[in-house]
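Below is one structure, written out as structure tokens, with a few remarks after it.
Just so you know, all these numbers are worked out from the coordinates, no wet-lab data involved. Please read all numbers here as calculations on a predicted model, not as lab measurements. Cβ sites come from the backbone with ideal geometry, for glycine too, and all protein chains shown count toward neighbours.
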Amino acid sequence: MAKTNPGNFFEDFHVGQVLEHATPRTITEGDRALYGAIYPTRFAVPSSAAFAASVGLARHPVEELVAFHVAFGKTVPDVSLNAVANLGYAECRFHRPVHPGDTLRTRSEVIGLKQNSNGRSGVVYVRSTATDQEGRVALDWARWVMVHKRDPESPAPEAVVPELAPYVAAEDLVVPDGLDFTGYDTAAAGEPHRWADYEVGERIDHVDGVTLTEAEHMMATRLWQNTAKVHFNTEARPDGRRLVYGGHVISLARALSFNGLANAQLVAAINAGAHTAPAFAGDTVYAWSEVLDKAETAAPGVGALRLRLVATKGRDESMTLRGEDGKHAAGVLLDLDYWAFVPR
Amino acid sequence: MAKTNPGNFFEDFHVGQVLEHATPRTITEGDRALYGAIYPTRFAVPSSAAFAASVGLARHPVEELVAFHVAFGKTVPDVSLNAVANLGYAECRFHRPVHPGDTLRTRSEVIGLKQNSNGRSGVVYVRSTATDQEGRVALDWARWVMVHKRDPESPAPEAVVPELAPYVAAEDLVVPDGLDFTGYDTAAAGEPHRWADYEVGERIDHVDGVTLTEAEHMMATRLWQNTAKVHFNTEARPDGRRLVYGGHVISLARALSFNGLANAQLVAAINAGAHTAPAFAGDTVYAWSEVLDKAETAAPGVGALRLRLVATKGRDESMTLRGEDGKHAAGVLLDLDYWAFVPR
Amino acid sequence: MAKTNPGNFFEDFHVGQVLEHATPRTITEGDRALYGAIYPTRFAVPSSAAFAASVGLARHPVEELVAFHVAFGKTVPDVSLNAVANLGYAECRFHRPVHPGDTLRTRSEVIGLKQNSNGRSGVVYVRSTATDQEGRVALDWARWVMVHKRDPESPAPEAVVPELAPYVAAEDLVVPDGLDFTGYDTAAAGEPHRWADYEVGERIDHVDGVTLTEAEHMMATRLWQNTAKVHFNTEARPDGRRLVYGGHVISLARALSFNGLANAQLVAAINAGAHTAPAFAGDTVYAWSEVLDKAETAAPGVGALRLRLVATKGRDESMTLRGEDGKHAAGVLLDLDYWAFVPR
């Protein structure tokens, strides 16, 4: 009797199926420190308990992406161990801040299935929900991945493709309890620009770059208990290279965006995300952002910006997303669409 | 007057000698996070405070190997700074879980001495005991190392070779206070297999591999305040390579064993251990296990498995421990014999 | 409107100007663990909460250099983003221990300006003060850096060069509240030598060496939210090498000095410091110390040693600071002058 987890293949999924993912994980102050050691992040709320208190938060939350990576990592052994590709995210909302001491667990429901025409793989759509130790929802999101079939001869399931919103509506964003930016200290936060200073269509070159190392991306990925082999094992890929976890690029780009978006303090939602090219140790990653939309919220002093965050290999001062063929331009590693809360 | 510690040589030890090792060390949540960043561990008890509470533990312990490495590291400056080789362990028992906030210190007693026939070195046997800030024993173990003589001409001491048990008897295992596996949640733990599902003689290929980096093994070894030069300094060995601390391979193999032994939640004892070949950055480490024995315990729902944990350089699906010459097969890095508590 | 921070140029500073630096930062137990993973530190006070309590400290402080790096990192975006060179430190005093949970912020005042004769850059002198969440001073220091001018044609300011003490006077050292070394446990601390055992002029070879890696120095530097590009980006320097942050060498040398100065428990002041040569991954760093002065304090059992701490690339058993030309000898990376508290 084999005891090791072979992961699920396309045939193992059916619409409506619920997957209770393993290994709940308690967030600690150690996670905050490691996140700060691995990414050049300086956002004042997660950096400073005193600043967090000054904007009305009862406790000192970790970055939303810490919660995202932990919650996401839980799904890998059941959803994407046999994935060919991670195709996209949608409708990711952060429902409440996560703090040291909170324990996250994740469950997923299969919401769609579509076999590929080649018969060797198919697309699996899941909606995943991470809850804390009290059973309160911390975040949820939809995701779709291309998964190998175990047997190409097995019959195709009825195709079900869920309708997913192109982006989270501004009125569906959840402002953390108590958040109040009316006394926001821009000097402490590191930048004078507020919600009104950003214009839709504006692009911001974040200027700084970071060269990736093997040790750092593996430590980050392990921290989230993400077990996908290709990130850790030079013998798992024909080219002998360790593929950097896509979430590592997201966190790195988000941290780099501090320089120009220091007041985009909290990630409210992730609308969409595409990992458009692989990243490897030795690559130097830069980022630029585009303001896609703006919205007000009911919370005092709190506005929202919808931002495109683009990570590139090598700096692209032209901030070009698409090449001449309409596909992502060479060097683009990540194209992420998200909402952030900023002071008005 | 030289102020630096030259370490002890074979002549400096005598049977009955007690060594109070320096630098007590407080365990923190930072240690838990770093352990999880460096090793791909996902065991539910150390991962989740909520899971630990659900199995009756009053507080959230760190992995037993965190305590082992910290306690062991303390002995290095006094016992093995001038060691030629770390020859073995025996009779290592974990007497109580260790939690963030606990401070460990270690003392050792010399329990045996035997000069080698070449007259240039000898074997030193010590029994080491780590206690917490209340003076309670957290773990103890025996260990023997080959140590250089300062002067080959110095006389040999009377040979004393202690009798050490080949393995800890099942009835001597200490179940942590309150541990109760009767409500054990296998879905949360990540695997359905319980004590009854494992058979003596069964071998489990843990499948996954991790490629070592210099930064990670040095960070781990430093975290335990283990100061042996060969792990940190390319100028300390003629080949200019940093030798990976043997305990790093133990922790890595233990973490890899999650895939097939996710319910072997707690390490209860280490019966024996041999580091059969050196490991270096760039090596890809895999692991397999063999079930050596099974035992019941008096605690509700708690069984014990005696396991052989073998780490290899490169995957060995044949799970061969011995080569044709009866010695450890090529590629075997570690041969560890331990007891773990599993749900019945 | 450019949103990114271009940093200040020489023309942007004026004497008397106050800079409120951004991103207050809360210290955590994660910082202690990471510090211990990155540097081979074993000083008993920061290592052990029990030891700290035994010498009269009400809480368990982190190493003074953790506070120094965090506080210093805050100043980089405003003071030295366009620096050609970090010329020196003076008058750095630690006013109170820093503990997990404390939030540090830093402000600087410009205390001097002197344009260089080439007209392309100038020296900026600042005095920086880090305060905790209660507004209490944790540490302060003076520093001077050479900064580019934006426009070589802009007029030179009136030269103001502050008078800075060559070293902090012993009577100005601040002993932490409650510190009492009368019951000091040398066995736990790891070394028998006390204040009386050290002689002015004595040199101590710390023997051990550590080979630098890219991942470790970047993680350390990021942990302090130090954003200077040259440490992170292989594309930021013509030679494609990442320059190791000078503070990384300070912390590494201080940790190495444990072997011979284990009882120099607490850093009381930094009198002066020069980074005399760049360090890079692959370099093996060693350290030696010279006792420059001794002083008593009013606190029970507490003495002070003024120490020169020298880091070298490759071991220099001759402990030579100056070459034949009177300049720093080849291989000298750091020449640091500091005060430490030691048991009498």
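Counting other C-beta atoms within 10 Å, and keeping those with at most 16, which DSSP coil GluC sites (Glu not before Pro) do you find in the range B:90-140?
Numbers: sites: B:GLU91, B:GLU109, B:GLU134; in loops: B:GLU134.
Passing both the DSSP loop test and the Cβ count: B:GLU134.
In 10 Å bins starting at 0, how do the alpha-carbon pair distances of the range A:195-244 split up by percent? For the range A:195-244, the pair-distance distribution reads 21, 32, 18, 22, 7, 0. Along its first, second and third principal axes, ordered by size, the range C:145-255 spans 61, 41, 30 Å in Cα coordinates. Placing +1 on each Lys and Arg Cβ and -1 on each Asp and Glu Cβ, with no other charges, gives the range C:172-344 a dipole about its Cα centre of roughly 520 debye.
Would you order B:HIS328, C:HIS21 from fewest to most other beta-carbon atoms within 10 Å of each residue's own beta-carbon? Before the final figure, lay out the partial values.
Numbers: B:HIS328 19, C:HIS21 23.
Ranking B:HIS328, C:HIS21 by Cβ neighbours within 10 Å, fewest first, gives B:HIS328, C:HIS21.
The calculated P(r) of the protein assembly as shown, using every Cα pair and 10 Å bins from 0, goes 2, 11, 20, 24, 21, 14, 6, 2, 0 in percent.
Counting Lys and Arg as +1 and Asp and Glu as -1, what is the net charge of the other residues whose Cβ lies under 13 Å from the Cβ of C:SER80?
Numbers: positive: C:LYS74, C:ARG143, C:LYS229; negative: C:ASP12, C:ASP78.
Taking every Cβ under 13 Å from that of C:SER80, the sum is +1.
In chain B, helical runs assigned H by DSSP with n ≥ 4 each contribute -39500 (n - 2.57); averaged across all residues and rounded to the nearest 500, the mean residue ellipticity at 222 nm is -4500 deg cm²/dmol. Hydrodynamic estimate: the Kirkwood radius of the range B:39-98 over Cα pairs, inserted into Stokes-Einstein at 25 °C and 0.890 mPa s, corresponds to D of 178 µm²/s. All C-alpha pair distances within the range C:7-159, sorted into 5 Å bins from zero, spread as 2, 9, 18, 18, 15, 13, 9, 7, 5, 3, 1, 0, 0 percent across the bins. Normalised radius of gyration (Cα atoms, divided by 2.2 N^0.38 Å) for the range A:168-344: 1.10. Inter-copy label distances at C:ALA85, using a point 7 Å along Cα-to-Cβ, come to 5.3, 5.3 nm with the shortest given first.
For B:PHE280, inter-copy separations between label points set 7 Å beyond Cα along the Cβ vector come to 2.2, 2.2 nm, shortest first. With a Cα-only, solvent-free Debye model of the range C:28-69, what are the log10 I(q)/I(0) values at q = 0.26, 0.28, 0.32, 0.35 Å⁻¹? Taking Cα atoms of the range C:28-69 as identical point scatterers yields -0.93, -1.04, -1.21, -1.29. For C:ALA330, inter-copy separations between label points set 7 Å beyond Cα along the Cβ vector come to 4.3, 4.3 nm, shortest first. Note on chain C: lysine pairs with Cα distance below 27 Å, sequence gap of 8 or more or different chains, count 13.
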